[in-house]
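A quick write-up on the structure given underneath.
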Amino acid sequence: MLLRTAWRRVAAALPAAPGPRPEAPTRGLRLRVADHAPQSAVPSDTAIAPEMESVLRPLYMDVQATTPLDPRVLDAMLPYLVNYYGNPHSRTHAYGWESEAAMECARQQVASLIGADPREIIFTSGATESNNIAIKGVARFYRSRKKHLITSQTEHKCVLDSCRSLEAEGFKVTYLPVKKSGIIDLKELEAAIQPDTSLVSIMSVNNEIGVKQPISEIGQICSSRKVYFHTDAAQAVGKIPLDVNDMKIDLMSISGHKIYGPKGVGAIYIRRRPRVRVEALQSGGGQERGMRSGTVPTPLVVGLGAACEVAQQEMEYDHKRISKLAERLIQKIMKSLPDVVMNGDPVHHYPGCINLSFAYVEGESLLMALKDVALSSGSACTSASLEPSYVLRAIGTDEDLAHSSIRFGIGRFTTEEEVDYTVEKCIYHVKRLREMSPLWEMVQDGIDLKSIKWSQH
């Protein structure tokens, strides 16, 4: 809320103050400028001015939230938005057949990326729905014999909330703690498995701190104990190599907009041999093998398929390039600023997600200062309270450090110049905010803040 209000104020102030604004460092704003302002059907006095549109486009460094649509994906989708509009489930005419052929081609593209059979891919509206189908679907189908599930404390909210809703239905859920590195303890996982455990759900790559879990080892443990293994791979698919058979994954959630595809589409992989049974959450026409009723949106699944194909072709190149840019960002910041902590395991880590805590700086203040770079904070911003991120709390981060965390996202279209500009602005504003901080002053004077007993008024 605070950020949104601040951004609105900035937006309102910009047209009123034409001419160059004093900004430091003095390299000038590198805002993303739209080539052509969108033509609006609204009368000109209410339409956004083209100048305003271009001024208000900050650099995009938040690819864990969403990614831009790859132009190659848009090219694949366009014919199915305009000309080939048939319902893929219409079996009596060519319009339906051509849409169905495109849908099955997309299914093959998604399957190929994760080493699955196309028949094991079910299209959904996104990873949230996929996680709900996997967790609630498996738990409810096997509820007569098995009433226990295992997950971790750092899972995405939709996984944790699905587990909580199952607890209300009488299931037992074990929430595994994570080590300081953000990785689960495999011995604790083995110890937590009970005779009535139906499912283990552990994410592949964490969306906040970028930590990679030992998926192959977890798959091996689950397979040996005859327990189904689900992984939320929204942040991992297309970015790191995944093979459902080698890693012994039984269910996997995939999101379109995290891999440069369209929003509103995703997929769930459900193993056929040995067969995993799930209870459908949605009733209807029985599409997608009865597991997800509803008309499959052909343009969106075509986009998801194209995004998966591009990701498969460019994964190695993207990973090398993103790793190089991530290293550049971390080295420059760490070299110029003291008391910066990288959250999560530095080795078992996806390089495109960098979560840094800047001691003695409030994360929200830094985000407001970095208004020409789109970033996100590790702390949740709500109108009532500013609670630190539950992921950072789970890895044992001090509350003050958790409040000072910023997540930098580097993706396929991030440039070296954007990284350099972000680093430069970040260093400048951290130094400026620390100079204003009495805590920073006390630390410079050699005072141990933990030894101070603060009085309450």
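The table that follows gives values for the structure above.
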{"item": "Of the trypsin sites (Lys or Arg not before Pro) in the range 265-298, those whose Cβ has at most 15 other Cβ within 10 Å and which sit in DSSP loop", "result": "Arg272, Arg275, Arg277"}
{"item": "Whole-Hz couplings from phi, Karplus 6.51/-1.76/1.60, listed for the range 84-99; x for Gly and Pro", "result": "9, 9, x, 6, x, 9, 7, 9, 9, 8, 5, 4, x, 5, 5, 5"}
{"item": "Separation in nanometres of the label points that stand 7 Å from Cα toward Cβ, at Asp445 and Gln153", "result": "3.6"}
{"item": "Residue among Gln282, Phe229, Gln213 farthest towards the positive dipole end of the range 179-286, charges placed on Cβ", "result": "Gln282"}
{"item": "Share of carbon and sulfur in the accessible heavy-atom surface of the range 230-373 [1.4 Å probe, %]", "result": "49"}
{"item": "Protection-proxy order for peptides 191-198, 259-266, each taking the mean of Cβ atoms within 10 Å per residue, highest first", "result": "259-266, 191-198"}
{"item": "Whole-number accessible area per residue in Å² for the range 149-270, which is evaluated in the context of all protein chains at 1.4 Å", "result": "33"}
{"item": "Sites Thr92 and Lys226 - FRET efficiency at Förster radius 56 Å, r taken between beta-carbons, to 0.05", "result": "0.80"}
{"item": "The range 180-236-the range 74-143 distance, computed between alpha-carbon centres (Å)", "result": "26"}
{"item": "Calculated from backbone phi, Karplus (6.51, -1.76, 1.60) coupling profile of the range 174-189 in Hz, x at Gly/Pro", "result": "9, 9, 5, x, 10, 6, 4, 6, x, 9, 6, 8, 5, 5, 5, 4"}
{"item": "Additional length obtainable on full extension of the chain from Lys172 to Arg272, 0.36 nm per residue less Cα span", "result": "33.4 nm"}
{"item": "Per-peptide average of other Cβ atoms within 10 Å, ordering 344-356, 313-325, 128-140 highest first", "result": "128-140, 344-356, 313-325"}
{"item": "Gained length - Ser323 relative to Arg57, 0.36 nm times residue gap less alpha-carbon distance", "result": "93.2 nm"}
{"item": "Extension gain (nm, one decimal) between Arg145 and Asp161, 0.36 nm per residue minus Cα-Cα", "result": "3.5 nm"}
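The values are calculated or read from the model by the stated rules, or taken from the named source; none is laboratory data. The model shown is predicted, which means the values in this text are computed figures rather than measured ones. FYI the Cβ positions are ideal-geometry reconstructions off the backbone, even for glycines, and counts take in every protein chain you see. Surface areas here come from the heavy atoms of the whole protein model, side chains and all, with no ligands, DNA or RNA. Shrake-Rupley method; radii C 1.70, N 1.55, O 1.52, S 1.80 Å.
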